Amino acid sequence: NNNNNNIVSSASLELETILKIYNNLNESFSKKKLFDTNNLIEEKSLTVNKAELNIQIDFKQSEENLKKLNQKIEEKIKNLQKNSEKIDLLLDEIIILQNE
């Protein structure tokens, strides 16, 4: 009878130890999963940040290109105005010459 008690108490001790080990493993597994998930979220967040930066850079580049294009257009318009003024002067001269 005493022997049976010893067997039962040693078996319950073993069971307790197994349960502790299982709980520790489970806890560390959960922590690792959480850690991996956090890392994944950080990586995704970094990827999104990089994409946003690239978009901003592209946008700035486009803005600068548009400004340059506008400057060129303004220069062309000025040149056209000058040419138009020259043509007007020439026409005036032609009219004067015709009238002589």
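The values are calculated or read from the model by the stated rules, or taken from the named source; none is laboratory data. Given the structure is predicted, the values throughout are model-derived calculations rather than measurements. So basically every Cβ, Gly included, is an ideal-geometry build from the backbone, and we count neighbours across all protein chains shown. Please note that ligands, DNA and RNA were not included when accessible areas were found on the heavy atoms of the full protein model with its side chains. Shrake-Rupley method; radii C 1.70, N 1.55, O 1.52, S 1.80 Å.
At-a-glance table
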item	result
Length added when fully stretched, Glu85-Glu52, from 0.36 nm per residue minus Cα-Cα	7.0 nm
Residue among Ile57, Phe29, Leu15 farthest towards the positive dipole end of the chain, charges placed on Cβ	Leu15
For q = 0.11, 0.14, 0.22, 0.24 Å⁻¹, Debye-computed log10 I/I(0) when each Cα of the chain counts as one equal scatterer	-0.75, -0.86, -1.08, -1.13
Cα→Cβ-extended label distance, 7 Å offset, between Lys67 and Tyr22, nm	6.9 nm
Degrees, to the nearest 10: 2-99 long Cα axis against longest axis of the chain	0 degrees
Set of lysines with alpha-carbon distance to Lys20 below 30 Å, sequence-local pairs under 8 removed	Lys31, Lys32, Lys33
Rounded percent of accessible protein surface that carbon and sulfur make up, region 8-100, 1.4 Å probe	61 percent
Å² per residue, accessible surface of the chain at 1.4 Å	100 Å²
Cβ-based net charge around Ile21, under 15 Å, with every Lys or Arg adding one and every Asp or Glu removing one	-2
Mean residue ellipticity (222 nm) of the chain, computed from DSSP H runs ≥ 4 via -39,500 (n - 2.57), nearest 500	-37500 deg cm²/dmol
